[in-house]
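See structure below.
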Amino acid sequence: MPVGFVSTSSSALPALRPPVEVVNPMTATAVQIVARPGHPDFLDLPWERPLVEWHGGRLIAVARGISRHVVRFVEYDDRIYALKETQVELAEREYRLLRELRSRGLPVVEPVAVVSDRVDTAGQPLGAVLVTRFLDYALPYRYLLNDGTSAALRNALLDAMAVLLVRLHLEGFFWGDCSLSNTLFRRDAGALMAYLVDAETGELRPSRLTDGQREHDIENARENIAGGIYDLIARGRLPDGTDPLEIVDAGEARYRDLWAEVTATEEFDADERWRLEERIRRLNDLGFDVEELVVARTDGGRRLRIQPAVLEEGHHSRRLARLTGLDVQQNQARRLLNDIDCFGAWIERDTGTRPLEGVVAHRWLTEVFEPVIGAIPADLVGRREPAELFHEILEHRWFLSEAAGEEVDNETAVASYVADVLSARPAERLVVEATTTQVPVVRAGGAPEGPTVTSSG
Ligand SMILES: Nc1ncnc2c1ncn2[C@@H]1O[C@H](COP(=O)(O)OP(=O)(O)OP(=O)(O)O)[C@@H](O)[C@H]1O
Ligand SMILES: [Mg+2]
């Protein structure tokens, strides 16, 4: 493409705003950016150079998984974006898939833009780039799995992956490349929540996956996860005695148990209808809302057969969002809902009446949650997500109360937590990669600092 040519090719993407077709003013090469609103236009980036040659500027080094493509990270104020250089068809396909999965409420990274029609200064074509929003507080597996990883954290990681795969399969998504590198983890009130980061090989089917498709995906996941663990052992990051097969077996068992629990058909006597309620409650406890349940009478009306047909994960998060507007993960939501409940009981003890749930929740937000988060020094508050901070403070208060033999108030608990726990904790909003050792390290301080010049990405 000649220098200065403005592309007129239309994109098949469902863009919310028209493609920005511009000439990069710095170098006068053409580029086309199809972007979602509410993000930078990315026009200041040196699109006329392959990503691997970018230096300085907005680039930052982020700890990430292993990848075939060149993936680099750029920073705009407090927002970070991941850029993946690939072929245009693949970038557009992945962008569309991620949008669709997100619109169904699934935990996947947010697609932001597709950059195409790139040429270098000699007019030679360059690959397209998929831009996704960096998932704040996302912890790559190499940060979580190391010599010091407790069995509890390892199990939390397997649980999180099992939940993610079950959710995707329920939606009819065949991942094709479920691996540790293609999953990101966020802390979730003592547990972890897994997010899909790479949908390139995925396929969305019109309905729930068949058993054959699921088995295929499980087999892929087993191979990839075992491969990731062998790699960590080879790099000396996990003890020699670690058995990758034992780990993938445990992960598979968790997936199968959860799949059975959420999809199995159950049969019971018609006069045991409470078992229907019980099944729904069990699914709610696992975090699923039952949107549709198939109930059939069998055996001349003497037996009932039930099977959950449409399930939606996020039971606790949705309830908390409805009550308080807070958007948090599943276990965090469960924890905060419990605290709202205790707060309601406390009001009732104090006044003799319990206000409506919505009123209790609103008072809890302004009288409990916000003051607790507000009491954390500004330079430390970004070390964990607010809901995670709140959860840790509740835990800390419990330990203090137990040691003191009496209830410790929130103010005392926050001060002690900040001084004794949080100040020694690494900031996890962004884990940066140590360029020399390839061991993820943590950048000091809460919010990310200014752009870092580095040769890795
Ligand atoms: N939006 C994001 N937020 C956080 N990390 C990200 C994001 N996008 C990519 N990464 C990191 O970059 C790594 C590589 O990205 P990705 O898996 O999409 O590349 P890939 O080349 O398609 O991988 P593969 O070799 O599996 O095909 C991921 O493992 C993840 O650690
Ligand atoms: Mg990948």
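Miscellaneous remarks
- Residue match in the stretch 152-159 (condition: open to solvent by 10 Å² or more (accessible area, probe 1.4 Å) and either within 16 Å of ligand 2 (Cβ to nearest atom) or part of a loop (DSSP other than H, G, I, E, B) (or both)): no
- Matching residues in the stretch 327-357 - criterion: being of a type in the set (S, T, N, Q) and out of contact with any helix residue (DSSP H, G or I) (no Cβ under 6 Å at 6 or more places or on another chain): Gln329, Asn331, Asn338, Thr351, Thr353
- Tally, over the stretch 70-109, of residues that are over 19 Å from Leu59 (Cα atoms) and in contact (Cβ under 8 Å) with a residue 12 or more places away in the chain: 20
- Scanning the stretch 396-442 for residues that are under 16 Å from Glu385 (Cα atoms) and either modelled with pLDDT under 55 or among the charged types (D, E, K, R) (or both) gives Arg425, Glu428, Arg429, Val442.
- Cβ separations smaller than 7 Å between residues 6+ apart or across chains give the following pairs from the stretch 167-185 residues that are over 26 Å from Leu232 (Cβ atoms) to residues that are in a strand (DSSP E or B) and at pLDDT 95 or above: Gly172/Leu204; Phe173/Leu204; Phe174/Glu203.
- Counting the residues of the stretch 271-296 that are outside any helix (DSSP H, G or I) and either closer than 14 Å to Leu311 by Cβ or open to solvent by less than 30 Å² (accessible area, probe 1.4 Å) (or both) gives 9.
- Filter result for Leu209 (aliphatic (A, V, I, L, M), over 21 Å from Gly65 (Cβ atoms), under 21 Å from the mean Cα position of the chain (by Cα) and surrounded by 13 or more Cβ atoms within 10 Å (Cβ to Cβ)): no
- Tally of residues being touching a Pro at 6+ places or on another chain (Cβ under 8 Å) and within 16 Å of ligand 2 (Cβ to nearest atom) across the stretch 55-104: 8
- Long-range neighbours under 6 Å by Cβ, at least six apart or interchain, first residue charged (D, E, K, R) within the stretch 140-156, second modelled with pLDDT under 90 and buried (at least 17 other Cβ atoms within 10 Å of the Cβ): Arg142/Pro440
- Per-region count, the stretch 177-197, residues open to solvent by 20 Å² or more (accessible area, probe 1.4 Å), assigned to a loop (DSSP other than H, G, I, E, B), within 16 Å of ligand 2 (Cβ to nearest atom) and not charged (D, E, K, R): 2
A quick yes/no check of all residues on (1) over 22 Å from Leu139 (Cβ atoms); (2) in a loop (DSSP other than H, G, I, E, B):
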| position | (1), (2) |
| --- | --- |
| Ala199 | no, yes |
| Arg208 | yes, yes |
| Gly227 | no, no |
| Tyr230 | no, no |
| Arg237 | no, yes |
| Ile247 | no, no |
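- Among the residues making up the stretch 121-134, those that are crowded, with 18+ Cβ neighbours inside 10 Å and within 12 Å of ligand 1 (Cβ to nearest atom) are Gly127, Val129, Leu130, Val131, Thr132, Phe134.
- Taken as a whole, the structure places Asn224 among residues that are crowded, with 18+ Cβ neighbours inside 10 Å and over 17 Å from the mean Cα position of the chain (by Cα).
- All helices (runs of 4 or more DSSP H) inside the stretch 320-402 with 3 or more residues being of a type in the set (A, V, I, L, M, F, W, C): 330-351, 357-364
The values are calculated or read from the model by the stated rules, or taken from the named source; none is laboratory data. Note that the structure is a prediction, hence the values are computed from the model and not measured. Reconstructed Cβ throughout: ideal geometry from the backbone, glycine too, with neighbour counts over all protein chains shown. Side chains included, ligands, DNA and RNA excluded: accessible areas come from the protein's heavy atoms. Shrake-Rupley method; radii C 1.70, N 1.55, O 1.52, S 1.80 Å.
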